[in-house]
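The block underneath contains the structure these notes are about, expressed in structure tokens.
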Amino acid sequence: MEVPQNKTLPLIVLLGYLAATCAAAVIGSYFTVQVSITRFYAALIKPAWAPPGWIFAPVWTALYISMCLAIWQVWRKKPMRPSRAYTRAHASWWGQLALNALWPVIFWLQPAGMAAFVVCVSLAVAVWGCAAAMRRVSVAAAMLMLPYACWVSFATALSWALWSMNPTS
């Protein structure tokens, strides 16, 4: 049995999740801009499969929207008494969001270093875990997390390659 809701509450909650997601994005963007991603990323030795720098902004925009809609789907399934699955889905979402905000800070402060790779691995594990936790509450939410999980896995491989190919960066 789900909690009865008024008509404006879902919109207010969605806006709250959007604000939290935007906060994580702004933190990452701030450090990205401070280091001048264009010059730094262009100067790195990259694997042949590395995407061009311009692709990151549109991809991340779509992923932030998707992760926001995913947690909102979980929230909409809130039972009268929050279940363990519901609580795990929420906690894992907040955890991955924190790591998501942390990764660019570490990456740009210690460009292409081991610390960035370790945080990226942690983020990938957290995102896949979040998708699995969400699946127990809402299949739609889990599906919304899959592109993000795949992108972060790709970013982890890219982070490893950048670290390996630019040991002094």
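With the chain treated as a Gaussian network of Cα nodes joined by springs under 10 Å, which of Leu11, Leu63, Leu144 yields the largest mean-square fluctuation?
Leu11
Over the chain, what is the relative contact order in whole percent, taking alpha-carbon pairs under 8 Å and six or more residues apart? Walk me through the numbers before you get to the answer.
On the way: 186 pairs, mean separation 50.4, N = 169.
Value for the chain: 30 percent.
Could you line up Ser164, Ser138 from fewest to most neighbouring Cβ atoms inside 10 Å? Can you show the working numbers first?
Numbers: Ser164 12, Ser138 21.
Ranked by crowding around the Cβ, least crowded first: Ser164, Ser138.
Could you work out the helix-only [θ] at 222 nm for the chain, with each DSSP H run of four or more residues adding -39,500 (n - 2.57) and the total divided by the number of residues, to the nearest 500 deg cm²/dmol?
On the way: 6 runs with 130 residues, N = 169.
Using -39500 (n - 2.57) per qualifying helix, the result is -27000 deg cm²/dmol.
Specify the residue with the greatest mean-square fluctuation among Met80, Met134, Met114, computed from a Gaussian network of the chain linking alpha-carbon atoms under 10 Å apart.
Met80
Using the Cα centre of segment 18-169 as origin and beta-carbon charges of +1 (Lys, Arg) and -1 (Asp, Glu), tell me which of Cys130, Leu97, Ile55 is placed farthest towards the positive end of the dipole.
Value: Cys130.
Looking only at Ile71, Ile55, Ile106, which one moves most when the chain is put into a Gaussian network model with springs between Cα atoms under 10 Å?
Highest fluctuation among the options: Ile55.
Against the longest alpha carbon principal axis of the chain, how many degrees, from 0 to 90 and to the nearest 10, is the axis of helix 139-165 turned?
Taking the Cα atoms of the chain, the angle to 139-165 is about 20 degrees.
Could you give the angle, 0 to 90 degrees to the nearest 10, between helix 56-76's Cα long axis and the longest principal axis of the Cα atoms of the chain?
Rounded to the nearest ten degrees, it is 20.
Relative to the longest principal Cα axis of the chain, at what angle does helix 9-35 sit, 0 to 90 degrees, rounded to 10?
Tilt relative to the chain: about 10 degrees.
Averaging over all projection directions, find the projected area of the Cα convex hull of the chain and quote it in nm² with one decimal place. If you can, show how the numbers build up before the last one.
Working: hull surface 38.4 nm².
Averaged projected area of the chain's Cα convex hull equals 9.6 nm².
Project the alpha carbons of segment 40-109 onto their principal axes and report the range along each, largest first, in whole Å.
On the principal axes, segment 40-109 reaches 54, 22, 17 Å in Cα extent.
So how strong a dipole does the chain carry about its Cα centre when Lys and Arg Cβ are +1 and Asp and Glu Cβ are -1, to the nearest 20 debye?
On the way: 11 positive and 1 negative charges, 110 e Å.
It comes to approximately 520 debye.
Each reported figure results from applying straightforward, stated rules to the coordinates on display, with no laboratory input. The shown structure was predicted, so the numbers you read here are calculated from the model rather than taken from an experiment. Using ideal geometry, Cβ is built from the backbone for each residue, glycine included, and neighbour counts are taken over all protein chains shown.
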